[in-house]
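Structure first, commentary second.
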């Protein structure tokens, strides 16, 4: 099980040099970004075993020692000795070079599988650990295909009662999922989904197992080229309510399991296979409730480490589910007005640490305010006086101001009352500033919102002129960017009051 | 970090009704007659095209990148770093949109200062930017108003003539105005409007003067301006040959006045090229520290005086560069009469015919 604040990855840190660690981390991050661009972003998890909690040195055995160990396992009759040999083999497999040696031995996987199903529980455990190490191998030769002999057994054991053993099986399967489409089809055919469903039901009070189920499921459904059969199977399986039950605000569960289940829901929602079914099973309600709870926690200042890992998938899930039907129909699940407050609180809290999260939070607001029947949410934003908080986000780039301008544009499109309220909240001076920004897209959106405001009521056009906004529009007319030039000209010609003259001397 | 109102909203007690459907809804829609072109404008083209749109993002969308990276770092146990270098929110930069000027600024104040310095109150004839609308008006009047320049020339004529008369022995047709004119010009003279006035540059003063010198003296004496203040634009000609072709504007504030058109008559007031050259050279030698003139484009014929401590009255806009304005000669304050002004001798002198096309 993972503990967010104390995990030490053996391969990651050689010394205690912080700078070196940060450097490696940055390099690693770049790799991940490259991988994502190539649609190759895949992660595997490796369970640390109890006797490996110490950051001891790995003993890399020589290859003949590995072979010898394996032969002892293969031929051994004494179960106690076999257990010791398996343990030694497992420790040897902590070193990746041993993987290649092992798989070259004839029937190596079969032998491990035999022990996996054997009579001795400890042998089973050690065999499972060996397979787990192999599933996490960096070598491409040690892939899921090679390990496929084990999968039917691993899946069967998911319905077993032993938490530790089950956890191992789960992570092993989870590591195998992203490898290829064939593997996933095979797992599906072998019944992995009902097995996961059973598993989470049996072990629902065990944090570690629940987290492992969540991880494995997320690996299964987030892999590329997920066939059209996996997600409908998941939706039909009864897993959803079980995942949702993990999303309780109850802190006893800890963050790990909730994080994994939330990411599963995100992958399901963004695949857009049958979001109506998701909503019908209560996904939107649970996710928004949890977001409100997290918003309250953030407001109180109790921001746990890693909480953004939970907020992120919830935002994405809610954001995408909002398109699953007319907003009016979804409203009963969105009736807590604190959701809007939370969506405004997250950007404020995470602007400096995770600006992308701020942006996604505003994206959800966009989806709430852009629908045909969004007027109730737009009204609520004014009633709760949340618009100034949005306006304060306008100076920030990273896509944040564009998303905020979208939301403001959505609100302005509702009607004249809304435009007047926007002006009252101080939007016009803020637009005078955004019109000067370097990003053309920001200026374009600003002109759009401004146009809507000025068209809705001549008072607003006059107010804009009073705010010395005219020179900005004139300046934009000289830009070499046609999009903004045209819009600025349009505003000057059509939406400014006729008596308004261009008087630069008045605005020194 | 979080604003108090937000905190209060989120931590409000359960007694408060938080339901959205309990919140009064504002009235939707626009007034009848309010024209908003979301789908078309009066001229038939859609100029403003924004419509509210819900956005569906799939798993691989670029907006999701940072979050995915964060998740995978966590999965790979690398997110637990005490000083997490994550991308922080940047404030947007500001850019000047005037075509040809693509400078970028990190604060609004910097941008506004740039804009106010270089793009406000710009003279469309000579591209100079003046500090205020009033000074722009004065600049246009004094430098680009043909009528003004003609009348001003007349003033100089008067001074020149009077100076000349003192030494000349010929008879002059002296009109009651004291000007030495032939009869037809005398008539013209009367038909022109009253003498132009060079305004005092200090706002609120209102004094006007017949010559630039007088104005300058006034400003130095009364308003305590430094004598090296940029009173007037002085045309310094880098390339004398080009200047010979392009003599369109008035020259120095002093007496080297040039005609507006091609010289026709015998005795027009012309600047003497060799003299000017000499004049400049003299100035150069007087000012040992002055840098060589840079090669400016012709359309920004440069202001001459530029002393480090003297405030610059007008600024030439140099596209896309922020380089220091080059040093130039000091303002010249001589009262010399151009040699070629010639009155009285030989054939018709003075202002017969020609020259001054309005």
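The values are calculated or read from the model by the stated rules, or taken from the named source; none is laboratory data. No experiment lies behind these values; they were computed from the predicted model shown. Because the Cβ atoms are built from the backbone with ideal geometry, glycine has one as well, and the counts that use them run over all protein chains shown.
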Do we have residue B:69 as more than 26 Å from residue A:275 (Cβ to Cβ), outside any loop (DSSP other than H, G, I, E, B) and at pLDDT 70 or above here? no
Does segment A:383-405 contain any residue that is farther than 21 Å from residue A:338 by Cβ, within 7 Å of chain B (Cβ to nearest Cβ) and over 28 Å from the mean Cα position of the chain (by Cα)? no
Residue count, segment A:481-508 (criterion: over 26 Å from residue B:137 (Cβ atoms) and modelled with pLDDT of 85 or more): 12
Is it true that some residue in segment A:38-54 is at pLDDT below 90, within 14 Å of another protein chain (Cβ to nearest Cβ) and farther than 27 Å from residue A:169 by Cβ? yes
Listed residues A:69, A:61, A:86; which is touching a helix residue (DSSP H, G or I) at 6+ places or on another chain (Cβ under 6 Å), closer than 20 Å to residue A:169 by Cβ and buried (at least 17 other Cβ atoms within 10 Å of the Cβ)? A:86
Within segment A:115-160, restricting to residues that are out of contact with any helix residue (DSSP H, G or I) (no Cβ under 7 Å at 6 or more places or on another chain) and under 23 Å from residue A:213 (Cβ atoms), the one that is surrounded by the fewest Cβ atoms within 10 Å (Cβ to Cβ) is A:121
Condition test on residue A:284, is it under 19 Å from residue B:58 (Cα atoms), part of a helix (DSSP H, G or I) and within 14 Å of the chain's Cα centre (by Cα)? no
Residue, farthest from the other protein chains (Cβ to nearest Cβ), within segment A:272-281, restricted to residues that are touching a residue at least 24 places away in the same chain (Cβ under 8 Å) and assigned to a helix (DSSP H, G or I): A:277
In the set A:320, A:335, the lone residue that is facing chain B (nearest Cβ under 7 Å) and at pLDDT 95 or above is A:320
What's the number of the condition residue A:353 fails, among (1) part of a helix (DSSP H, G or I); (2) within 7 Å of chain B (Cβ to nearest Cβ)? (1)
Could you tell me which residue of segment B:92-118 is surrounded by the fewest Cβ atoms within 10 Å (Cβ to Cβ), considering only residues that are facing chain A (nearest Cβ under 7 Å) and in a loop (DSSP other than H, G, I, E, B)? B:99
Show the residue pairs that are 6+ apart or on different chains and have beta-carbon atoms under 7 Å apart, the first residue being within segment A:208-236 and on the phi > 0 side of the Ramachandran plot, the second being part of a helix (DSSP H, G or I) and surrounded by fewer than 24 Cβ atoms within 10 Å (Cβ to Cβ). A:225/A:181
How about segment A:174-271: which helices (runs of 4 or more DSSP H) wholly inside it have at least 1 residues that are under 22 Å from residue A:282 (Cβ atoms)? A:192-202, A:207-222, A:230-236, A:239-246, A:255-271
Return yes or no: is residue A:232 modelled with pLDDT of 90 or more, surrounded by fewer than 19 Cβ atoms within 10 Å (Cβ to Cβ) and under 17 Å from residue A:314 (Cα atoms)? no
Output yes when any residue across segment B:45-58 is in contact with a helix residue (DSSP H, G or I) (Cβ under 7 Å, 6 or more places away or on another chain), modelled with pLDDT of 80 or more and in a helix (DSSP H, G or I), and no when none is. no
Just to be sure I understand, how many residues within segment B:123-154 are in contact with a strand residue (DSSP E or B) (Cβ under 9 Å, 6 or more places away or on another chain) and at pLDDT below 80? 6
Which of (1) outside any helix (DSSP H, G or I); (2) at the interface with chain B (Cβ under 10 Å from one of its Cβ atoms); (3) more than 15 Å from residue A:235 (Cβ to Cβ) does residue A:298 not meet, given it meets every other one? (1)
